[in-house]
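The values are calculated or read from the model by the stated rules, or taken from the named source; none is laboratory data. Predicted, not measured: the structure shown is a model, and the values here were computed from it. Note that we place each Cβ from the backbone using ideal geometry, even for glycine, and neighbour counts take in every protein chain shown. The area values use the complete protein model at the heavy-atom level, side chains included, leaving out ligands, DNA and RNA. Shrake-Rupley method; radii C 1.70, N 1.55, O 1.52, S 1.80 Å.
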Amino acid sequence: MNFDQSNKFAPKSDLKIWLNGQLVPPSEAKISVFDRAVLYGDGVFEGLRIYGGRVFRLDQHLKRLEDSARAIRLEIPMTRNEMAQATYETAQANNVTDGYIRFVVTRGVGTLGLSPHRTACPSVFIIADQIELYPKELYENGMAIVSCSVLRNHPNAVSPRIKSLNYLNNILAKIEALDAGVLEAIMYNHLGFVAECTGDNIFLIRNGVLQTPPVNAGSLEGITRNAVIELIAKRKLPFREMDLTRQDLYVADECFLTGTAAEVIPVTQIDGRAVGPGQPGPITRQLISDFRELVQCAE
Ligand code: PMP
């Protein structure tokens, strides 16, 4: 398969990357070819947003990072406070008051075998930069998405609740989306129920009731998802966490996705079928506006 090579990425040369306690330029921000993150995707990560100089729900992100690490038996060589401090230090060093932060922990350098026992110290790095996951007009007009054939990982394999450095499954799903000419794909679980999208959680609205798959349907417990559930509760809107089928997607009145990078984005077409009248619906618009307000005022 050929990918478009005209849009090659190069990091900004004036970025300062936090790498194991030091802020270094991208040219020095390197990890070994023997790092298990490179050899096996052996590590965990978080994606965070900073708004007005404040990292949104930093503690929840760090807790999820610790949970991911604990599940793969990786000990992060930093306390929660140290991680929080390093996150702010990186944002400040890059003058990022509104942007995106990537926090990565790898298992570190090891031998070529699978066993993690002979691994040196885990590596930690943090990148603070800008992100525009989807074009602005899609937030106004809504986006089209498709179902894809790649299933979300079985919960008894690598649990989808672990935000591990191995995202190949989701990347394959994303490639299907791009092949279909859209930017996001819906992933189903091994039972045929909707799990989530490749990097976003999904919500539907049907007859005034908000619906989202439960976390054990194979989704990441999104921090944005949880923030939106709080906003739904605040507005006293009917809400159900429930198994959703492909048919539920096709008969929804409204649909939106949530994620740290995506924030809250309306979906107006699924598998070639218009969602409701094919325009972002009133409940979606209300929640987008509530979410914008929340992130600006969040402590
Ligand atoms: N699902 C997956 C697979 C993700 O990678 C993400 C994060 N991009 C989400 C959902 C959304 O989670 P959050 O709101 O915590 O960013």
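Things to note:
- Applying both filters, DSSP loop and at most 16 other Cβ atoms within 10 Å, to the chymotrypsin sites (Phe, Trp or Tyr not before Pro) of region 1-81 gives PHE3, PHE9, PHE34.
- Exceeding the 30 Å Cα-Cα cut-off - candidates LYS63/LYS236; LYS8/LYS63; LYS8/LYS163; LYS174/LYS234: LYS8/LYS63; LYS174/LYS234
- Calculated diffusion of region 66-199, Stokes-Einstein form, Kirkwood radius summed over Cα pairs, 10 °C and 1.306 mPa s, µm²/s: 90 µm²/s
- The alpha carbons of region 18-67 give a radius of gyration and a Dmax of 13.8, 38 Å, in that order.
- Dimensions (Å) - region 44-109, Cα atoms, principal axes, largest first: 35, 23, 17
- Over region 200-299, the pair-distance histogram of Cα-Cα distances with 5 Å bins from zero comes to 3, 13, 26, 27, 20, 8, 2, 1, 0 percent, rounded to whole numbers.
- Exposure rule at most 11 other beta-carbon atoms within 10 Å, DSSP loop trypsin sites (Lys or Arg not before Pro): the chain longest free segment: 74-235
- If the Kirkwood radius is taken over C-alpha pairs of region 237-286, then at 25 °C and 0.890 mPa s the Stokes-Einstein diffusion coefficient equals 210 µm²/s.
- Accessible-area composition of region 170-262, carbon plus sulfur, in percent [1.4 Å probe]: 53 percent
- Accessible surface computed residue by residue for region 136-297, with neighbouring protein chains in place and a 1.4 Å probe, gives 44 Å² per residue.
- In region 96-190, taking the dipole from charged Cβ atoms about the Cα centre, the farthest positive-side position among ILE175, VAL158, SER115 is held by SER115.
- When only Cα pairs below 8 angstrom with a gap of at least 6 residues are kept, region 17-129 shows a relative contact order of 36 percent.
- The chain - mean residue ellipticity at 222 nm from DSSP helices (-39,500 (n - 2.57) per run, n ≥ 4, rounded to 500): -8500 deg cm²/dmol
- Förster-model FRET efficiency, 41 Å R0, ALA180 and ARG118, C-beta, rounded to 0.05: 0.40
- Interatomic Cα distance distribution for the chain, bins of 5 angstrom, percent: 1, 5, 11, 15, 17, 17, 15, 10, 6, 3, 1, 0
- Averaging the sequence gap over all C-alpha pairs within less than 8 Å and six or more residues apart, then dividing by the number of residues, gives the chain a relative contact order of 17 percent.
- Ligands, DNA and RNA are left out, and with a 1.4 angstrom probe the accessible area of region 17-129 is 49 Å² per residue.
- Region 80-126 and region 196-213 have Cα centres lying 32 Å from one another.
- Put a dot 7 Å past the Cα of THR79, heading toward its Cβ, do the same for ASP243, and the two dots end up 4.5 nm apart.
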